[in-house]
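Read-outs throughout are calculated quantities, based only on the coordinates presented, and are distinct from any laboratory measurement. It should be emphasised that the depicted structure is a prediction, and the values quoted were computed from it without experimental measurement. Here the Cβ positions follow ideal geometry from the backbone for every residue, glycine too, while neighbour counts run over all protein chains shown.
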Amino acid sequence: MKATFGGGCFWCTEVIFQNSEGVKSVLPGYMGGLNDNPTYEQVCTGTTEHVEVVQIEYDEDLVNYEELLKIFFKTHNPTTLNRQGNDVGTQYRSVVFFHDEEQEILAKNFIDELDSEDVFEDPIVTTVEPAVTFG
């Protein structure tokens, strides 16, 4: 199975998921932009609409999608628009890219639950979008 998350610098996010049980591989890359093969330099301009993401291959027998969502939301600030710490720009926005309808539903329900329980002081700005070309 695949999961794709954008939550700031992909190199920082990559390390977190690499050390998680059930994760087979973690690839940094881009998703959600205007072209299929953007360069790092192009994405850094903030004009390509790409997001720095990690694409995770995982074993559902060892870790489920909701557990990956928990890790994702614990390891970045989902309440800051286009910013994670010192990283500022649209490429650092918080986003869950879903690969099927079940992931979409789980992600939206998870965010609703976090908001209803006031887990964060500010509202969550994380978007839930269909996965597109990963590059």
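What lysines does LYS74 reach when the alpha-carbon gap must be under 19 Å and sequence neighbours fewer than 8 apart in one chain are set aside?
Cα-Cα hits under 19 Å: LYS108.
Using a 10 Å cut-off around each Cβ, can you sort THR90, THR45, THR4 from fewest to most neighbouring Cβ atoms?
On the way: THR90 18, THR45 12, THR4 23.
Starting with the residue having the fewest Cβ neighbours, the order is THR45, THR90, THR4.
Report, in debye and to the nearest 20, how large the dipole of the chain comes out about its Cα centre when Lys and Arg carry +1 and Asp and Glu carry -1 on their Cβ.
Numbers: 7 positive and 25 negative charges, 111 e Å.
For the chain, the charge dipole is close to 540 debye.
Among VAL23, THR39, PHE98, whose Cα lies farthest out toward the positive end of the dipole of the stretch 2-130, if unit charges sit on the beta carbon of Lys, Arg (+1) and Asp, Glu (-1)?
So the residue we want is THR39.
Calculate how large, on average over all directions, the projected area of the Cα convex hull of the stretch 1-114 is; give the answer in nm² to one decimal. It would help to have the intermediate numbers written out before the result.
Working: hull surface 27.5 nm².
Result: a mean projected hull area of 6.9 nm².
Provide SER116, SER25, SER94, SER20 in ascending order of the number of other Cβ atoms located within 10 Å of each residue's Cβ, fewest first.
Ascending number of Cβ neighbours within 10 Å: SER116, SER25, SER20, SER94.
How do TYR30, TYR40 line up, fewest other C-beta atoms within 10 Å first?
Working: TYR30 25, TYR40 9.
Lowest count first: TYR40, TYR30.
Amide H neighbours of VAL53 under 5 Å, at least 5 residues apart or on other chains, H built in the peptide plane: list them.
Sorted by chain and number, the residues that satisfy this are GLY29, TYR30, MET31.
GNM on the chain, C-alpha springs below 10 Å: top fluctuator among GLU121, GLU57, GLU101?
GLU121
Expected output is a single nm value to one decimal: the length gained when fully extending between SER25 and ASP61, i.e. 0.36 nm times separation in residues minus the C-alpha distance. What is it? Walk me through the intermediate numbers first.
Working: separation 36, 0.36 × 36 = 12.96 nm, distance 1.51 nm.
Gain in length upon complete extension: 11.5 nm.
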